[in-house]
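Asker: Sending over a structure as structure tokens; questions will come in a sec.
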Amino acid sequence: MSRDPIHVSTPDPAWADEGLAWADAVCRALGSRALRVDHVGSTAVPGLAAKDVIDIQALVVDLDDPGLVAAMKAAGFVHRADNTGDDPHPDTAPVLGPDDWRKLYFREAAGERRIHIHVRRNGAAGARNTLLMRDFLREDESARRDYGDFKMALAEKTRSDRSAYQAIKRPFISTVLRSAESWAEIQRWAPGVPDSYWRTEE
């Protein structure tokens, strides 16, 4: 049971600007280690109901680079060393092996709004799925509506049980990802311009 009740909010237009600002903050923290940084997750999809959490994904070359954690800590982010990866999606073909689902996970500094920062290896299946899911839901109105309605209803039924919320949501996400893969093939989808990326001062 969670002491932090689950609450799914109606869409907030402010999430878009917040996401871009936090993507820039993470990019500044990682510097040249960041290949791309993006606002991801439900708050990155305009019109989608979501928990009021800004999810950021940063892609790097080497998750074992010790400078990653040091750089994020220096910027004030909190490393959650117990969270080392995501559950593999059974329908997703492996690309990099164990690194497909590995990640470094960080949270906001004390007193800041809730932020989840996922640092993944560039090219990993988990990284691709995250961007694909976001872009598909941005484009497909019916999928976006169904996903939002599902989350609102599920949160109402599992408000005090975060484990149940995640367990029930997981197969639904797999269904959405299968639809997203079909959409990606038809649209010849590829990740677009990142929300933030390292720039030299020159």
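The values are calculated or read from the model by the stated rules, or taken from the named source; none is laboratory data. In this text, all values refer to a predicted model and were calculated from it rather than measured experimentally. Glycine gets a Cβ as well: all are built from the backbone with ideal geometry, and neighbour counts include every protein chain shown. To get the accessible areas, we keep the full protein, side chains included, count just its heavy atoms, and leave off ligands, DNA and RNA. Shrake-Rupley method; radii C 1.70, N 1.55, O 1.52, S 1.80 Å.
Asker: Hey, which lysines would be in cross-link range of Lys169, C-alpha to C-alpha under 28 Å, not counting anything within fewer than 8 residues on its own chain?
Answerer: Counting by Cα, and skipping residues close in sequence, Lys169 has these lysines nearby: Lys51, Lys103, Lys151, Lys157.
Asker: Then there is this: Using the reciprocal of the averaged 1/r over all distinct C-alpha pairs, how large is the Kirkwood radius of the stretch 118-202 in Å?
Answerer: Computed over the stretch 118-202, the radius equals 14.8 Å.
Asker: Next question, about the same structure. When the Kirkwood hydrodynamic radius is evaluated over all pairs of different C-alpha atoms of the stretch 57-202, what value in angstrom, to one decimal, is obtained?
Answerer: For the stretch 57-202, the Kirkwood estimate is 17.2 Å.
Asker: Which of the trypsin sites (Lys or Arg not before Pro) found in the stretch 37-128 are loop residues per DSSP with 11 or fewer other Cβ atoms within 10 Å of their Cβ?
Answerer: Here the sparse-neighbourhood loop sites are Arg113.
Asker: Please compute the per residue accessible area over the chain with all protein chains in place, 1.4 Å probe, rounded to a whole number of Å².
Answerer: Per-residue accessible area for the chain comes out at 53 Å².
Asker: What part of the accessible area of the chain, given as a whole %, is carbon or sulfur when the probe is 1.4 angstrom?
Answerer: 51
Asker: Please list the equivalent ellipsoid semi-axes of the stretch 62-105, computed as the square roots of five times the alpha-carbon gyration tensor eigenvalues, in descending order and whole angstrom.
Answerer: 25, 11, 7
Asker: Could you tell me which trypsin sites (Lys or Arg not before Pro) in the stretch 143-196 are loop residues by DSSP with no more than 16 other beta carbons within 10 angstrom of their beta carbon?
Answerer: Taking the stretch 143-196 and a limit of 16 other Cβ atoms within 10 Å, the loop trypsin sites (Lys or Arg not before Pro) found are Arg159, Arg188.
Asker: Please check which bits of the stretch 82-99 a label hung off Glu185 would reach, taking the label as a point 7 Å along Cα-to-C-beta and the cut-off as backbone N under 18 Å.
Answerer: Those under the cut-off are 90-95.
Asker: Find the relative contact order for the stretch 78-165 and round it to a whole percent, using C-alpha pairs within less than 8 Å whose residues are 6+ positions apart.
Answerer: Over the stretch 78-165, the number comes to 21 percent.
Asker: Same structure again: Over the chain, calculate the relative contact order: mean separation of alpha carbon pairs under 8 Å at least 6 apart, over the residue count, as a percent.
Answerer: Rounded, it is 28 percent for the chain.
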